[in-house]
Amino acid sequence: MSMRTLDDLDVKGRRVLVRADLNVPLDGETITDDGRIRASVPTIKTLVERGAKVVVCAHLGRPKGQVNPKYSLKPVATRLGELLGQDVAFATDVVGDSAVSTVEALQDGQVALLENLRYEPGEESKDDAVRGEFAAKLAGLAELYVGDGFGAVHRKHASVYDVPRLLPHAAGGLVVAEVEVLRKLTEDTERPYVVVLGGAKVSDKLGVIANLLTKVDRLLIGGGMAYTFLKAQGHEVGKSLLQEDQLDQVRGFLDEAKRRGVELVLPVDVLAAVTYAPDAEHDVVEATAIPAEREGLDIGPKTRELFAAKLADAKTVFWNGPMGVFEFDAFSGGTKAVAQALIDADAFTVVGGGDSAAAVRKLGLPEDGFSHISTGGGASLEYLEGKTLPGLAALED
Ligand SMILES: Nc1ncnc2c1ncn2[C@@H]1O[C@H](COP(=O)(O)OP(=O)(O)O)[C@@H](O)[C@H]1O
Ligand SMILES: O=C(OP(=O)(O)O)[C@H](O)COP(=O)(O)O
């Protein structure tokens with residue numbers, strides 16, 4: 001795949017729309033981890049230094065086509081300004097009057113951020129015409145496009161897929177760097193190759209498993225992902241996260257893993273809590289005996305040891321998705337144990353995903369203990385499957 005880079009665009013004095021992934025965790029209006037904003041800074045800085053008028057666009061959370069102040073990018077504009085060392089003008093809509101006037105007021109070397117793309121139903125629409133109409137408005141704000149939101153390149157969304165078809169475009173430095181590392185993971189995979197999956201985006205990420213089973217030697221499943229597997233094996237999971245409509249699919253994965261000789265490793269014990277809260281009363285229980293009124297919020301001590309043992313001899317590891325609700329200290333031990341096992345392994349180790357990367361930082365683990373920390377979880381997983389990602393295909397020459 002060949003993608004044009006920033007060096008192929010003459011940006012001086014021109015309005016450049018940068019699609020970034022600024023989907024950071026928030027506690028109210030406080031950004032709890034700014035990793036994705038930091039990762040977006042080098043491309044924006046390069047454009048500023050080259051005299052572009054930089055129009056950044058991004059999504060935050062999943063507001064589903066509705067304006068919802070809870071998902072405003074305003075706090076992100078402030079943080080981006082601090083990191084860039086210059087003001088970032090904030091447009092209070094995406095393609096409306098505020099966006100148009102904010103962009104028109106930009107001088108060379110200045111930066112603006114548009115409000116959350118996902119306030120607009122056109123951004124994520126499955127209808128090509130609806131998406132196309134919104135894409136045309138967004139493209140109308142700029143003369144050039146830079147795709148740098150690696151964490152969203154697996155989404156066939158207007159800002160990711162359609163806009164680069166309407167404007168001269170290039171890949172930003174973050175996308176180029178991420179693809180380079182992931183390509184290495186697919187091209188020289190030293191074995192054993194172990195993938196660890198967890199997190200909460202269960203329905204999204206179950207889809208990658210069928211394909212991963214053809215590539216990996218071991219698949220360790222923890223986090224919110226594990227309970228659909230335990231239930232598929234016939235165990236009750238109480239109030240734990242569950243994707244009831246995908247149980248048949250998961251039974252298929254269990255059979256397929258057996259047929260292929262892939263070790264699919266599930267939790268043997270969990271921390272079962274009475275409620276979803278930082279100070280929730282909880283006990284360690286067998287994964288096969290979760291009480292009806294409890295929910296599993298972390299993997300238990302035996303599982304931590306089991307997963308560490310399954311990672312000890314790995315030569316290549318990809319990990320996406322926390323093993324538990326790491327945001328609550330009482331349920332962060334499983335994630336910490338798995339992260340430590342990656343650090344200890346003599347392997348090429350890649351961590352991917354906004355929350356997984358945030359967890360590494362929150363838990364005080366050394367970022368240089370991993371070969372690479374990717375900004376994209378779902379995007380990395382789909383790349384590893386060998387899929388063509390819409391946002392990368394759109395950037396190809
Ligand atoms: N057992 C669990 N029950 C509920 N939520 C969980 C559980 N384990 C992990 N999570 C949540 O998963 C979220 C991260 O999931 P996800 O978005 O899939 O990861 P990433 O952003 O790294 O790709 C975290 O907010 C974490 O609290
Ligand atoms: O957080 C993201 O992905 P990730 O959790 O898979 O790393 C990206 O910003 C994409 O967000 P989405 O999964 O709501 O499309």
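The values are calculated or read from the model by the stated rules, or taken from the named source; none is laboratory data. Note that the structure is predicted; figures quoted are calculated from it, not measured. Counting neighbours? That spans all protein chains shown, and the Cβs are built from the backbone with ideal geometry, glycine included. Please note that ligands, DNA and RNA were not included when accessible areas were found on the heavy atoms of the full protein model with its side chains. Shrake-Rupley method; radii C 1.70, N 1.55, O 1.52, S 1.80 Å.
Brief remarks on what is shown
- Separation in nanometres of the label points that stand 7 Å from Cα toward Cβ, at Glu236 and Lys258: 2.5 nm
- When +1 charges are put on Lys and Arg Cβ atoms and -1 charges on Asp and Glu Cβ atoms, the dipole computed for the chain relative to its Cα centre reaches about 500 debye.
- Antiparallel DSSP beta bridges within the chain, as percent of all bridges there, nearest 5: 25 percent
- Calculated from backbone phi, Karplus (6.51, -1.76, 1.60) coupling profile of the range 12-27 in Hz, x at Gly/Pro: 4, x, 10, 7, 10, 8, 10, 8, 10, 9, 10, 7, 9, x, 10, 10
- In this simple spin-label approximation, Lys64 and Asp128 carry label points 7 Å from Cα along the Cα→Cβ vector, and these lie 2.7 nm apart.
- Atom-type composition of the exposed protein surface of the chain places 47 percent of the accessible area on carbon and sulfur (1.4 angstrom probe).
- Qualifying aspartates and glutamates (Cα of each under 13 Å from Cα of Lys362; at least 8 residues distant if same chain): Asp33, Asp34, Glu327, Asp329
- Furthest towards positive pole of dipole, Val176, Tyr119, Pro63, structure part the chain, Cβ charges: Val176
- The alpha carbon gyration tensor of the range 1-57 gives principal lengths a ≥ b ≥ c with a/c of 1.5 or higher and a/b greater than b/c, which makes the shape prolate.
- The range 84-181: translational diffusion in µm²/s, Stokes-Einstein, Kirkwood Rh over Cα pairs, 25 °C, 0.890 mPa s: 172 µm²/s
- Each peptide in 295-308, 249-262, 141-154, 339-352 receives the mean, over its residues, of other Cβ atoms within 10 Å, and ordering these scores from highest gives 141-154, 295-308, 339-352, 249-262.
- Cα gyration tensor, the range 223-330 - rounded (a/c under 1.5), prolate or oblate: oblate
- Amide H partners (placed H, <5 Å) of Gly376, local residues excluded: Gly353
- Extension gain, Gln110-Gln86: 0.36 nm per intervening residue step, less the Cα-Cα distance, totals 7.8 nm.
- Degrees, to the nearest 10: 128-139 long Cα axis against longest axis of the chain: 50 degrees
- Length released on extending from Glu396 to Arg251, taking residue separation times 0.36 nm less the Cα-Cα span: 48.4 nm
- Loop-located trypsin sites (Lys or Arg not before Pro) in the range 320-397 (DSSP state not H, G, I, E or B) with no more than 16 neighbouring Cβ atoms inside 10 Å: Lys387.
- Relative contact order (percent, whole number), the chain, Cα cutoff 8 Å, 6+ residue spacing: 16 percent
- Segment Ile343-Ser98, length gained on full extension (0.36 nm per residue, minus Cα span): 83.5 nm
- All lysines inside 25 Å of Lys12 as judged from Cα atoms, apart from same-chain residues fewer than 8 positions distant: Lys45, Lys53, Lys137
- Over the chain, accessible surface divided per residue gives 40 Å², non-protein components excluded, 1.4 Å probe.
- Formal net charge of residues neighbouring Lys53 (Cβ-Cβ distance under 12 Å; K, R +1; D, E -1): +1
- The local environment of Arg294, defined by Cβ-Cβ distances under 11 Å, has a net charge of -4 under the rule Lys, Arg +1 and Asp, Glu -1.
- For the range 21-177: rounded, prolate or oblate by the Cα gyration tensor [a/c cutoff 1.5]: rounded
- FRET E, pair Glu49, Arg361, Förster distance 30 Å, beta-carbon r, rounded to 0.05: 0.60
- Whole-percent P(r), the chain, all Cα pairs, 10 Å bins from 0: 5, 23, 31, 24, 13, 4, 0.
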